[in-house]
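Trainee: Shown below is the structure under consideration.
The values are calculated or read from the model by the stated rules, or taken from the named source; none is laboratory data. Everything quoted here is computed from the prediction, not taken from an experiment. Glycine gets a Cβ as well: all are built from the backbone with ideal geometry, and neighbour counts include every protein chain shown. In case anyone asks, the SASA skips ligands and DNA or RNA and just uses the protein heavy atoms, side chains included. Shrake-Rupley method; radii C 1.70, N 1.55, O 1.52, S 1.80 Å.
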Amino acid sequence: MVLLHVLFEHAAGYALLAVKEVEEIGLLLPQVVESMLTAGKFNSIVKLVAFSPFKSAQGALENMNAVSEGIVHEDMRLLLETNMPASSKKRKVILGVADPKIGAAIQEEIGIQCQTGGVVAEILRGVRLHFHSLVQGLSALSAAKAQLGLGHSYSRAKVKFNVNRADNMIIQSISLLDQLDKDINTFSMRVREWYGYHFPELIKIIADNYTYCRLAKLIGNRKELSEESLDSLEEIVMDSAKAQAILDAARSSMGMDISPIDLINIESFSNRVVSLAEYRTTLQDYLRSKMSQVAPNLAVLIGEVVGARLISHAGSLTNLAKYPASTVQILGAEKALFRALKTRGNTPKYGLIFHSTFIGRAAAKNKGRISRYLANKCTIASRIDCFSEIPTSVYGGKLRDQVEERLAFYETGEAPRKNSEVMKEAATEAAEVAAKLKRKMEKKEKRRKKREKRKLEGLAAEKGQEDEEEQPATKRAKLESEENGDIEVEVKKKKKKKTDNEELMLDNVSNGVQETVVPKKKRKQLVAEEKEEPVTPVSDKKKKKKKNKAE
């Protein structure tokens with residue numbers, strides 16, 4: 001008896017499903033395939049044994065990365081070890097998985113026999129369709145959201161940790177460089193043909209397309225060309241004899257006359273071609289700098305353009321490093337190779353490395369031998385560039401010297417140095433260069449830290465100055481507020497005194513006492529006396545006054 005279980009990896013978690021008795025041939029019938037599209041009929045075939053949800057989005061991403069790399073994660077191991085029944089002599093337990101790589105890993109680590117394809121693929125297709133109905137509490141909308149979120153985070157992580165991200169710039173730039181070469185050639189031929197109606201003699205004098213376009217832009221109407229423009233012609237052509245020949249040809253040209261509108265169009269088009277050619281030079285400089293960073297040894301050995309073409313054709317520097325020397329030798333000549341294998345003819349001796357200067361310099365009988373030797377050295381250089389921590393061009397220079405020695409050996413018979421001696425020298429030099437680069441990097445790091453420290457100190461000093469400026473301002477404000485408070489208190493006291501005097505006067509008026517004007521000093525003395533002496537009642541005062549009047 002065979003028990004079939006299916007492992008399904010979803011964005012929400014791992015699911016282990018038990019498959020009831022199923023015919024392998026019957027599942028492939030179209031009627032059965034149609035019946036699997038309905039949830040009710042499919043639930044009669046499959047039963048959910050266990051579901052292990054992911055705890056977080058980070059956990060889901062870790063599990064998916066492990067599955068894609070064919071590694072058994074701890075969550076998957078725990079689910080299978082706890083819920084998978086043990087196989088015996090009477091019953092055999094098989095686990096169905098989608099990916100054969102993860103199946104091999106499960107079989108190796110846990111010891112469960114795995115199966116892929118056939119019935120398992122059909123059952124997994126049905127599980128994928130009806131998964132939200134199999135798991136309780138999981139709706140179709142939440143499952144779709146989980147898949148979308150995990151897909152975005154997985155893609156983002158893949159792009160972020162892509163080992164070929166530095167190579168991608170080289171691949172794009174070499175492709176653009178080749179395209180620009182074709183376009184500039186086509187456009188310059190169009191300028192030659194168009195401007196040739198007006199000045200046909202210029203085509204024979206100037207062979208370079210870039211120079212021709214610049215001259216077409218400068219000359220314009222050939223009838224307006226005079227001795228004054230000879231200096232500008234010399235500046236473009238860099239030859240006084242050619243400039244004089246252009247001037248003479250313009251005077252006795254047999255070309256047709258041209259209208260100003262046509263001339264404007266020719267000038268604008270030639271200007272566009274000139275700008276494209278200038279951009280091509282800047283792009284080549286960018287490619288050179290990029291190659292010196294990513295693959296310095298390969299660039300020194302075979303050249304920046306040929307090295308970039310090899311990387312582009314292989315797909316990445318890592319892929320190129322994985323290739324054997326025999327593959328690198330014929331890389332780019334696949335059509336010729338398969339044609340030769342089909343017709344049983346001679347196989348090609350070189351592919352993209354033919355553009356190297358070494359093969360051009362070798363004799364016809366030695367081209368195949370030098371191409372094989374050069375491919376060998378290119379493979380070594382690409383592996384050093386791919387797997388070295390600090391990239392240096394020391395090994396590339398030594399490998400180039402070896403190829404030069406081999407060329408000299410084929411021509412003169414002079415024996416080259418042994419490979420072991422050369423590699424020892426290269427290793428010592430590379431170690432010295434790496435140490436220098438490390439020191440430079442450390443110095444840069446120290447400088448950067450010092451700059452950051454100074455910036456922080458400057459910010460702290462500015463903040464301190466601002467605080468000091470704010471403190472006197474606050475002190476002044478406090479003093480002003482205190483002074484204002486004192487003044488207000490005095491004003492209140494004066495007002496109180498005034499009101500007291502007014503009340504006293506009113507009392508006097510009401511009692512029939514005539515008011516006499518008292519000077520300020522006298523008033524103060526009276527106030528002081530009043531404070532010292534006890535206050536007598538009003539009736540006693542009246543009696544005294546009457547006595548005084550009688551006397």
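Trainee: Consider the stretch 332-347. How many of its residues are out of contact with any Gly (no Cβ under 9 Å at 6 or more places or on another chain) and in a loop (DSSP other than H, G, I, E, B)?
Mentor: 4
Trainee: What's the number of the only condition in (1) closer than 24 Å to Ala314 by Cβ; (2) at pLDDT 90 or above; (3) of a type outside the set (Gly, Ala, Ser); (4) surrounded by fewer than 21 Cβ atoms within 10 Å (Cβ to Cβ) that Tyr395 fails to meet?
Mentor: (4)
Trainee: With respect to Gly126, determine if the residue is open to solvent by less than 30 Å² (accessible area, probe 1.4 Å) and free of Cβ contacts under 8 Å to residues at least 40 places away in the same chain.
Mentor: It is false that Gly126 is open to solvent by less than 30 Å² (accessible area, probe 1.4 Å) and free of Cβ contacts under 8 Å to residues at least 40 places away in the same chain.
Trainee: Go through the stretch 34-69 and report how many residues are of a type outside the set (Gly, Ala, Ser), more than 18 Å from Arg125 (Cα to Cα), part of a helix (DSSP H, G or I) and open to solvent by 70 Å² or more (accessible area, probe 1.4 Å).
Mentor: So the answer is 2.
Trainee: Being under 20 Å from Arg400 (Cα atoms) and modelled with pLDDT of 90 or more: is that true of Glu304 here?
Mentor: yes
Trainee: What residue, among those in the stretch 405-435 that are in a helix (DSSP H, G or I) and open to solvent by 100 Å² or more (accessible area, probe 1.4 Å), is nearest to Lys365 (Cα to Cα)?
Mentor: Checking each candidate, the answer is Glu411.
Trainee: Also, quick follow-up: Considering only residues of the stretch 343-385 that are within 18 Å of Glu404 (Cβ to Cβ) and of a type in the set (D, E, K, R), which is surrounded by the most Cβ atoms within 10 Å (Cβ to Cβ)?
Mentor: Lys377
Trainee: Still on this model: I need the helices (runs of 4 or more DSSP H) fully contained in the stretch 154-249, keeping only those with at least 2 residues that are touching a Lys or Arg at 6+ places or on another chain (Cβ under 8 Å) and of a type outside the set (A, V, I, L, M, F, W, C).
Mentor: 165-196, 209-219
Trainee: Return the only residue of Val294, Val237, Val300, Val274 being closer than 15 Å to Ile174 by Cα and within 45 Å of the chain's Cα centre (by Cα).
Mentor: Criteria check complete, one pass: Val294.
Trainee: Related question: Checking Arg309 against (1) open to solvent by 30 Å² or more (accessible area, probe 1.4 Å); (2) more than 15 Å from Asn168 (Cα to Cα); (3) not hydrophobic (A, V, I, L, M, F, W, C): exactly one of these is not met. Which one?
Mentor: Going through the list (1) open to solvent by 30 Å² or more (accessible area, probe 1.4 Å); (2) more than 15 Å from Asn168 (Cα to Cα); (3) not hydrophobic (A, V, I, L, M, F, W, C), Arg309 breaks only (2).
Trainee: Oh, and also: State yes or no: is Ala98 within 16 Å of Val46 (Cβ to Cβ), outside any helix (DSSP H, G or I), open to solvent by 50 Å² or more (accessible area, probe 1.4 Å) and out of contact with any Pro (no Cβ under 9 Å at 6 or more places or on another chain)?
Mentor: The answer is yes for Ala98.
Trainee: Further, regarding this structure: Just to be sure, is Lys438 part of a helix (DSSP H, G or I), over 20 Å from Met291 (Cα atoms) and free of Cβ contacts under 8 Å to residues at least 12 places away in the same chain?
Mentor: no
Table: residues versus (1) surrounded by 12 or more Cβ atoms within 10 Å (Cβ to Cβ); (2) farther than 22 Å from Glu304 by Cα; (3) modelled with pLDDT of 90 or more; (4) β-branched (Val, Ile, Thr).
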site: Val163; (1), (2), (3), (4): no, no, no, yes
site: Ala166; (1), (2), (3), (4): yes, no, no, no
site: Ile170; (1), (2), (3), (4): yes, no, yes, yes
site: Ile174; (1), (2), (3), (4): yes, no, yes, yes
site: Lys182; (1), (2), (3), (4): no, no, yes, no
site: Phe187; (1), (2), (3), (4): yes, yes, yes, no
site: Arg190; (1), (2), (3), (4): yes, yes, yes, no
site: Glu201; (1), (2), (3), (4): yes, yes, yes, no
site: Ile205; (1), (2), (3), (4): yes, yes, yes, yes
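Trainee: OK, next. Kindly indicate whether Ala375 is touching a Leu at 6+ places or on another chain (Cβ under 9 Å) and small (Gly, Ala, Ser).
Mentor: yes
Trainee: Under 6 Å by Cβ, and 6 or more places apart or on different chains, what pairs join a residue from the stretch 374-387 that is on the phi > 0 side of the Ramachandran plot with one that is modelled with pLDDT under 90 and in a helix (DSSP H, G or I)?
Mentor: Sorted first by the residue in the stretch 374-387, then by its partner, the list stays empty.
Trainee: Another question, then. Within the stretch 234-244, is there a residue that is over 20 Å from Thr281 (Cα atoms), crowded, with 16+ Cβ neighbours inside 10 Å and out of contact with any Asp or Glu (no Cβ under 7 Å at 6 or more places or on another chain)?
Mentor: Scanning the stretch 234-244 turns up at least one residue that is over 20 Å from Thr281 (Cα atoms), crowded, with 16+ Cβ neighbours inside 10 Å and out of contact with any Asp or Glu (no Cβ under 7 Å at 6 or more places or on another chain).
Trainee: Given the criteria touching a Cys at 6+ places or on another chain (Cβ under 8 Å) and part of a helix (DSSP H, G or I), does Thr318 qualify?
Mentor: Criteria met by Thr318.
Trainee: Which residue is modelled with the lowest pLDDT, if the candidates are limited to the stretch 1-33 and must be among the charged types (D, E, K, R) and surrounded by fewer than 15 Cβ atoms within 10 Å (Cβ to Cβ)?
Mentor: So, considering only residues that are among the charged types (D, E, K, R) and surrounded by fewer than 15 Cβ atoms within 10 Å (Cβ to Cβ), the one modelled with the lowest pLDDT is Glu24.
Trainee: All but one of (1) surrounded by fewer than 16 Cβ atoms within 10 Å (Cβ to Cβ); (2) touching a His at 6+ places or on another chain (Cβ under 6 Å) hold for Asn319; which doesn't?
Mentor: So the condition that Asn319 fails would be (2).
Trainee: Inspect the stretch 253-265 for any residue being buried (at least 19 other Cβ atoms within 10 Å of the Cβ), assigned to a helix (DSSP H, G or I) and touching a residue at least 24 places away in the same chain (Cβ under 8 Å) and give the result as yes or no.
Mentor: no
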